[in-house]
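The values are calculated or read from the model by the stated rules, or taken from the named source; none is laboratory data. Since this is a predicted model, take the numbers as computed values, not measurements. Positions of Cβ are generated from backbone atoms using ideal geometry, with glycine treated the same way; all protein chains shown enter the neighbour counts.
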Amino acid sequence: MADQPSRNRLEDKLDAAWVWDRVAKYAIFLGGISAIVFVLAIFLFIAREGLGFALFDLDVGYFFSSPNWRPTAEPEPQFGALALIAGTASVTGLAMLVAVPFALGSAIYIGEFATGKTRETLKVLVELLAATPSVVWGFIGLTILNPLIIEVFDVPVGLTVLNAGVILGLMAAPIMATIAEDALKAVPDTYREAAEAMGATRWQVIRQVVLPSAKNGLVAAVLLGVGRGFGETMAVLMASGHSVNLPTSPFDSVRALTATIASELGETAQGSDHYRVLFTLGILLFLVTFVINLLADVLVRRGDKKQA
Amino acid sequence: MSEVDVRGFRAESLDHRNQRNQRLFQLMFGLMTVVLIVPVVIIISLLVVRGGPALSWEFFTAYPAANMTAGGIFPALVGTLWLVAVALAVSLPLGVAAAIYLSEYAPDNLLTRLINLAIINLAGVPSIVHALFGLGAFVLFFEFGTSILAASLTLAIMTLPVVIVSTRETLQAVPQSFRVACWSLGATRWQTIRKVVLPNSLSGILTGIILEVSRTVGETAPIMFTGAVFFLPFLPQGVMDQTMAMSLHLYNVATQVTGVPESLPYGVALSLIGMVILLNSVSIAFRIHLRRIKKW
């Protein structure tokens with residue numbers, strides 16, 4: 001009987017532990033689903049301000065077909081987003097032309113050729129590249145690339161599709177390179193060893209074994225780069241010249257969807273048509289990046305399944 | 001390779017060609033990597049050369065003067081610290097909890113897949129859309145107004161994936177045998193996490209936090225309409241105040257103000273990228289150190 005109380009205390013303690021276990025489990029579950037909650041909240045809150053306008057007040061046909069973006073014109077403001085869409089598309093397209101070959105090339109070099117210290121150093125440099133804030137990139141476009149373009153191509157304005165495309169390419173390349181290198185790393189070493197055992201050179205291994213098995217991951221890397229370029233705001237705002245324009249050459253100034261929101265939102269009255277159309281642009285941006293990310297995820301998943 | 005055996009006399013030339021291709025492509029990809037990195041080295045040296053002269057003790061401790069064309073960046077620096085601190089206070093517990101869930105609890109089911117998809121999307125949504133969300137949700141709906149709180153919450157949600165992904169990786173790197181040993185002593189799942197899993201991954205989590213801070217420091221678009229302002233002649237006193245910030249300050253002195261001496265925006269850009277590179281270097285150095293002392 002003497003040790004009865006102490007056993008009770010032990011039981012109490014155990015009970016407390018299991019109670020805490022349960023509490024922690026629910027708290028952590030809440031944290032776990034927070035990402036889902038936030039993505040839904042983002043959509044709900046931008047839809048709350050912009051969806052009603054998109055559905056009832058906006059001439060959707062005009063929105064997608066007219067380059068006339070005059071949101072403050074009196075008496076009849078014009079909400080044609082074609083020039084903005086063309087601006088975003090031209091800058092992102094050029095950026096991908098610049099970035100994709102170099103990103104994939106350096107991913108292959110870092111992942112497959114480089115070894116030891118070289119490899120570690122290059123990885124660190126690429127990581128630092130990816131960490132540079134977009135406003136700094138915009139500043140570089142504005143102050144370094146701008147005069148360079150004016151001088152080299154003998155054009156009057158250097159804040160153009162070319163400028164923003166190059167800047168965006170430099171921004172997106174390290175991110176794509178990192179994801180692409182992960183995709184290469186996911187190819188099992190046994191594949192490489194098997195090919196090498198048959199006498200293949202390193203390049204033959206890469207071209208005929210590694211690249212085909214990593215194909216999905218590499219496409220996903222490019223897709224995520226596209227999404228990144230599509231959604232980039234500050235750098236494009238500062239380097240593209242920011243004039244509403246259907247571009248016909250890389251030396252035209254353009255305005256991007258993201259940059260339009262960034263530059264105009266501060267001047268609009270809450271609840272006005274102008275304010276709501278900017279949220280409509282936000283919905284468009286959200287949906288496009290959502291689809292791109294979804295596609296990338298499906299591709300990676302399919303790639304994983306094949307390897308398993 | 002069978003054709004090599006059959007036509008033996010061509011084997012040598014084929015081998016030579018393969019070797020040549022091999023060297024050629026290695027060189028090509030190596031050059032591509034160099035081309036990717038070199039412009040950035042040039043750009044950073046330019047920033048140092050042109051912005052370096054602007055940096056002084058006074059630059060970091062003085063208020064902007066003469067309509068932002070002179071003086072220092074003190075309130076922007078302090079404002080950025082505020083934004084980072086409040087954002088971290090929100091995203092750290094949430095992010096670590098999410099990572100613990102994904103690493104320690106989550107079964108392989110649809111919900112987990114959805115969470116992972118949501119994390120990718122949270123990272124992929126354009127920063128300006130986060131800004132719209134912050135404005136619609138925190139500034140207007142929850143009536144925080146344009147304040148540090150609204151801006152930091154926006155930043156916290158935006159950078160949450162950084163914390164989740166890096167923490168999850170660290171937790172998953174803790175060997176399963178550690179957990180099994182702890183469970184077999186009768187510990188609950190939570191006791192195991194708190195006493196075994198978390199202490200063994202603390203430094204990895206810290207690495208992720210530093211990375212998140214570096215992301216937060218540089219973000220501009222999400223704070224433009226939620227709490228950061230062009231100029232304030234005083235420091236914020238609490239989370240409901242507006243504030244200046246380094247990133248927005250760079251945008252303003254580079255594009256919104258006329259008559260700025262050339263070295264000033266370069267000085268701001270250099271300070272900003274200096275902060276980011278410093279934070280990242282610390283994080284990288286930490287990671288390398290961790291890998292070296294790792295016991296398992």
| Given the structure, is B:Val78 crowded, with 18+ Cβ neighbours inside 10 Å and more than 13 Å from B:Val165 (Cβ to Cβ)? | no
| Whichever residue in the range A:99-145 is among the aromatic types (Phe, Trp, Tyr) and buried (at least 20 other Cβ atoms within 10 Å of the Cβ) and, among such residues, is farthest from B:Ile223 (Cα to Cα) | A:Tyr109
| said: Tally up the residues in the range A:63-92 that are polar (S, T, N, Q), in a helix (DSSP H, G or I) and either surrounded by fewer than 20 Cβ atoms within 10 Å (Cβ to Cβ) or outside the structural domain of A:Leu278 (by TED's automatic domain parsing) (or both), please. | reply: 1
| message | Scan the range B:52-72 and tell me whether some residue there is assigned to a helix (DSSP H, G or I) and facing chain A (nearest Cβ under 8 Å). | response | no
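Every residue, every condition in (1) outside any helix (DSSP H, G or I); (2) within 7 Å of chain A (Cβ to nearest Cβ), yes or no:
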position	(1), (2)
B:Arg113	no, no
B:Ile120	no, yes
B:Phe144	yes, no
B:Ser152	no, no
| helices (runs of 4 or more DSSP H) contained entirely in the range B:194-296, each with at least 2 residues that are among the hydrophobic types (A, V, I, L, M, F, W, C) and loosely packed, with under 15 Cβ neighbours inside 10 Å | B:263-293
| query | Do you know which residues across the range A:212-222 are buried (at least 18 other Cβ atoms within 10 Å of the Cβ) and hydrophobic (A, V, I, L, M, F, W, C)? | reply | A:Ala214, A:Leu218, A:Ala220, A:Ala221, A:Val222
| request: Scan the range A:223-273 for residues that are over 21 Å from B:Tyr251 (Cα atoms) and either touching a residue at least 24 places away in the same chain (Cβ under 8 Å) or touching a helix residue (DSSP H, G or I) at 6+ places or on another chain (Cβ under 9 Å) (or both) and report the count. | output: 16
| said: For the range A:254-274, give me each residue that is more than 10 Å from chain B (Cβ to nearest Cβ) and crowded, with 20+ Cβ neighbours inside 10 Å. | reply: A:Val254, A:Arg255
| query | Considering the range A:169-211 alone, what residues qualify as being surrounded by fewer than 18 Cβ atoms within 10 Å (Cβ to Cβ), under 14 Å from A:Leu104 (Cα atoms) and within 11 Å of chain B (Cβ to nearest Cβ)? | reply | A:Arg207
| field | Exclusive hit being over 25 Å from A:Ala130 (Cβ atoms) and crowded, with 17+ Cβ neighbours inside 10 Å, set B:Ser177, B:Ser147, B:Ser152 | value | B:Ser147
| query | Residues in the range A:34-44: is at least one in contact (Cβ under 8 Å) with a residue 60 or more places away in the chain and within 14 Å of chain B (Cβ to nearest Cβ)? | reply | yes
| Members of the range A:24-62 that are in contact with a strand residue (DSSP E or B) (Cβ under 8 Å, 6 or more places away or on another chain) and either assigned to a helix (DSSP H, G or I) or surrounded by 17 or more Cβ atoms within 10 Å (Cβ to Cβ) (or both) | A:Leu58, A:Tyr62
